[in-house]
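First the structure, in the form of structure tokens, and then the observations on it.
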Amino acid sequence: MTSKDYDEPWHETVVRVLRANGVDLVTYIPDNVLRDLIQALHDDPYFTVICPAREEEAVAIVAGAYMAGRRGVVLMQTSGFATLPNALASMIVPFQIPLVMVISERGVLGEFQLGQAIVCRTMRPVLETLGIEHRAIEERSHVEFVVNGMIQQAFATQSPAAIILSPLLTKRQH
Amino acid sequence: MSTISNFSRDEARIMNRSDLTRRLVAKLKSEEAVVGGIGHTNWDLWASGQRPQNFYMLGSMGLAAPIALGVAVAQPHRKVFALEGDGSILMQLGAFGTIATVAPKNLCVVIWDNGAYHITGAQQTLTATTVDLVAIARASGLKASEWAADEDHFEALVDAALSEDGPQLIAARVDHHKPAGTTDRDPGKIRLNFMRGLSGADGKERT
Ligand SMILES: Cc1ncc(C[n+]2csc(CCOP(=O)(O)OP(=O)(O)O)c2C)c(N)n1
């Protein structure tokens, strides 16, 4: 796969797929890897973009909006996800809320902070324990299919979903 | 009593949460949404009558206000109330700044401050010693934040929240009496009832 197969950077594909699925509310706590995506969302008047103080708030805002008929997505880093098990286990999963999370994976493939690497190891066990559908995107060519499929399945099955952005997608030269 | 006031926490009368919840709910004539937080907050909301526009947060502390913010953003023409205990909101004080920044005109946060984690055995919270939640709310940018001096003032503040642009925050000191009921603990049913309650035209059409 050469770079010219993808004139569109991955973050623009994500924005396009969110729009196509009627997802127009975005809450986030930033991560450097998500910078271009966050900027593109802020620049696009289609989206309402909210940056609260904590990931729990970000999740609860999208959950409330869903119950009131609006589709949202939450962006965060792995360390942000690590603050969420209580909110996921006591709200999102039992209330059957189709929360779509986009998590940039920090702590693998070249991590330099031991703490980040250890935090990252907690993510998949939590997702698996809670039975939350999750998939890491590693290939540029998979972005559209995986993001679209995860969003559609979440809303169709009334279940939360975690789309993990691997450094293989976000850091590797494509 | 005028709603323009500046009572301190010490001046606020200690009232009763069941009574104030009923007074609030009695004023809701336009299918306003109410999100009740964990603790005795949602028990008294339940006991005040199970309106279809009520949501009862069973498990997470401090998320009633962010959930209500999401509802308010999704349905800007429906007034939304978040009810939260002092112990719960102390976990999510950043939510004040988030609400002030998003500034939804249709959101009002109500805090029941009993100075305690009542439901877990009435252990003291930080509001029983040094923390003033109205002061924190104001400093976070929620300018329309008030201690309710007494029942009449509480009602006047609710009237103002219903007729004026928000966001507002009303804090009431409440006693340690038992709540008037116990919420049914079926999360799926709670969500479905709430979603049906919010699917009516009212949220879209009120100006
Ligand atoms: C994160 C978290 N920590 C602790 C608890 C246990 N807990 C449940 S309700 C509650 C107290 C709630 O206090 P407050 O919001 O003041 O309401 P009150 O009980 O006074 O009505 C506590 C500590 C919990 N559910 N979640």
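The values are calculated or read from the model by the stated rules, or taken from the named source; none is laboratory data. Fair warning: this is a prediction, and the values are worked out from it, not measured in the lab. Virtual Cβ from ideal backbone geometry, glycine too; neighbours counted across all protein chains shown. These accessible areas exclude ligands, DNA and RNA; they are computed on the full protein's heavy atoms, side chains included. Shrake-Rupley method; radii C 1.70, N 1.55, O 1.52, S 1.80 Å.
Can you tell me which residues in segment B:12-35 are touching a strand residue (DSSP E or B) at 6+ places or on another chain (Cβ under 9 Å) and either among the aromatic types (Phe, Trp, Tyr) or under 23 Å from residue B:164 (Cβ atoms) (or both)?
Listed by number, the residues that qualify are B:12, B:15, B:20, B:21, B:24, B:25, B:28, B:32, B:33, B:34, B:35.
Can you run down the residue pairs with Cβ atoms below 7 Å, 6 or more apart or on separate chains, where the first is in segment A:113-126 and at pLDDT 95 or above and the partner is surrounded by 12 or more Cβ atoms within 10 Å (Cβ to Cβ) and part of a helix (DSSP H, G or I)?
A:116/A:79; A:119/A:78; A:119/A:79; A:120/A:78; A:123/A:78; A:123/A:81; A:126/A:85
Looking at segment B:89-105 only, could you name the residues that are closer than 25 Å to residue B:183 by Cβ and in contact with a Lys or Arg (Cβ under 8 Å, 6 or more places away or on another chain)?
Scanning segment B:89-105 gives a single hit, B:92.
Only one of B:66, B:52 is within 25 Å of residue A:42 (Cβ to Cβ) and not charged (D, E, K, R). Can you tell me which?
Values: B:52 fails: within 25 Å of residue A:42 (Cβ to Cβ).
The conditions single out B:66.
To keep it simple, each residue is scored yes or no on (1) within 14 Å of chain B (Cβ to nearest Cβ); (2) closer than 18 Å to residue A:148 by Cβ; (3) hydrophobic (A, V, I, L, M, F, W, C).
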| residue | (1), (2), (3) |
| --- | --- |
| A:11 | no, yes, no |
| A:19 | no, yes, no |
| A:33 | no, no, yes |
| A:63 | yes, no, yes |
| A:68 | yes, no, yes |
| A:81 | no, no, yes |
| A:87 | yes, no, yes |
| A:91 | yes, no, yes |
| A:103 | no, yes, yes |
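Where in segment A:101-174 are there helices (runs of 4 or more DSSP H), lying wholly inside it, with at least 3 residues that are among the hydrophobic types (A, V, I, L, M, F, W, C)?
Working: elements: A:114-121, A:123-129, A:143-157, A:167-170.
Those helices (runs of 4 or more DSSP H) span A:114-121, A:123-129, A:143-157.
Looking at segment B:46-57, is at least one residue more than 19 Å from residue B:22 (Cα to Cα) and facing another protein chain (nearest Cβ under 10 Å)?
The answer is no, given that none of the residues of segment B:46-57 is more than 19 Å from residue B:22 (Cα to Cα) and facing another protein chain (nearest Cβ under 10 Å).
Residues of segment B:158-197 being within 16 Å of the ligand (Cβ to nearest atom) and within 10 Å of chain A (Cβ to nearest Cβ), which ones?
B:185, B:187
Out of B:69, B:83, B:107, report the one residue that is hydrophobic (A, V, I, L, M, F, W, C) and either at the interface with chain A (Cβ under 9 Å from one of its Cβ atoms) or open to solvent by 10 Å² or more (accessible area, probe 1.4 Å) (or both).
Working: B:83 fails: either at the interface with chain A (Cβ under 9 Å from one of its Cβ atoms) or open to solvent by 10 Å² or more (accessible area, probe 1.4 Å) (or both); B:107 fails: either at the interface with chain A (Cβ under 9 Å from one of its Cβ atoms) or open to solvent by 10 Å² or more (accessible area, probe 1.4 Å) (or both).
Answer to the check: B:69.
Return the total of residues in segment B:86-97 being surrounded by 24 or more Cβ atoms within 10 Å (Cβ to Cβ) and at the interface with chain A (Cβ under 10 Å from one of its Cβ atoms).
Within segment B:86-97, residues that are surrounded by 24 or more Cβ atoms within 10 Å (Cβ to Cβ) and at the interface with chain A (Cβ under 10 Å from one of its Cβ atoms) number 3.
Checking residue A:164 against (1) open to solvent by less than 10 Å² (accessible area, probe 1.4 Å); (2) more than 14 Å from chain B (Cβ to nearest Cβ); (3) under 30 Å from residue B:88 (Cα atoms): exactly one of these is not met. Which one?
Against the list (1) open to solvent by less than 10 Å² (accessible area, probe 1.4 Å); (2) more than 14 Å from chain B (Cβ to nearest Cβ); (3) under 30 Å from residue B:88 (Cα atoms), residue A:164 comes up short only on (3).
Need the failing condition index for residue A:72 against (1) more than 9 Å from chain B (Cβ to nearest Cβ); (2) in contact (Cβ under 8 Å) with a residue 40 or more places away in the chain; (3) under 17 Å from residue B:72 (Cα atoms), just the number.
In the conditions (1) more than 9 Å from chain B (Cβ to nearest Cβ); (2) in contact (Cβ under 8 Å) with a residue 40 or more places away in the chain; (3) under 17 Å from residue B:72 (Cα atoms), residue A:72 misses (1) alone.
Does segment B:117-139 hold any residues that are assigned to a loop (DSSP other than H, G, I, E, B) and more than 10 Å from the ligand (Cβ to nearest atom), and which are they?
Within segment B:117-139, B:129, B:130, B:131, B:132 qualify.
May I ask you to list the residues in segment A:35-61 that are of a type in the set (A, V, I, L, M, F, W, C), within 14 Å of another protein chain (Cβ to nearest Cβ) and within 15 Å of residue A:18 (Cα to Cα)?
A:47, A:49
Quick one: residue B:134 ticks every box in (1) within 26 Å of residue B:33 (Cβ to Cβ); (2) more than 14 Å from the chain's Cα centre (by Cα); (3) in contact (Cβ under 8 Å) with a residue 24 or more places away in the chain bar one, so which box is it?
All conditions are met except number (2).
Within segment B:140-157, take every residue that is open to solvent by 10 Å² or more (accessible area, probe 1.4 Å) and farther than 16 Å from residue B:13 by Cβ and give me the one that is farthest from the ligand (Cβ to nearest atom).
Checked segment B:140-157; the qualifying residue farthest from the ligand (Cβ to nearest atom) is B:143.
If residue A:158 passes every condition in (1) over 19 Å from residue A:55 (Cβ atoms); (2) more than 13 Å from chain B (Cβ to nearest Cβ); (3) open to solvent by 40 Å² or more (accessible area, probe 1.4 Å) but one, which one does it miss?
Looking at each condition in turn, residue A:158 falls short on (2).
May I ask you to list pairs of residues, at least six apart or on different chains, whose Cβ atoms are under 8 Å apart, with the first in segment B:45-69 being on the phi > 0 side of the Ramachandran plot and the second being β-branched (Val, Ile, Thr) and within 11 Å of the ligand (Cβ to nearest atom)?
B:62/B:89
Out of all the residues in segment B:153-160, is one or more assigned to a loop (DSSP other than H, G, I, E, B) and over 15 Å from residue B:88 (Cβ atoms)?
The answer is no, given that none of the residues of segment B:153-160 is assigned to a loop (DSSP other than H, G, I, E, B) and over 15 Å from residue B:88 (Cβ atoms).
Looking only at segment A:32-51, how many residues end up being part of a helix (DSSP H, G or I) and open to solvent by 20 Å² or more (accessible area, probe 1.4 Å)?
8
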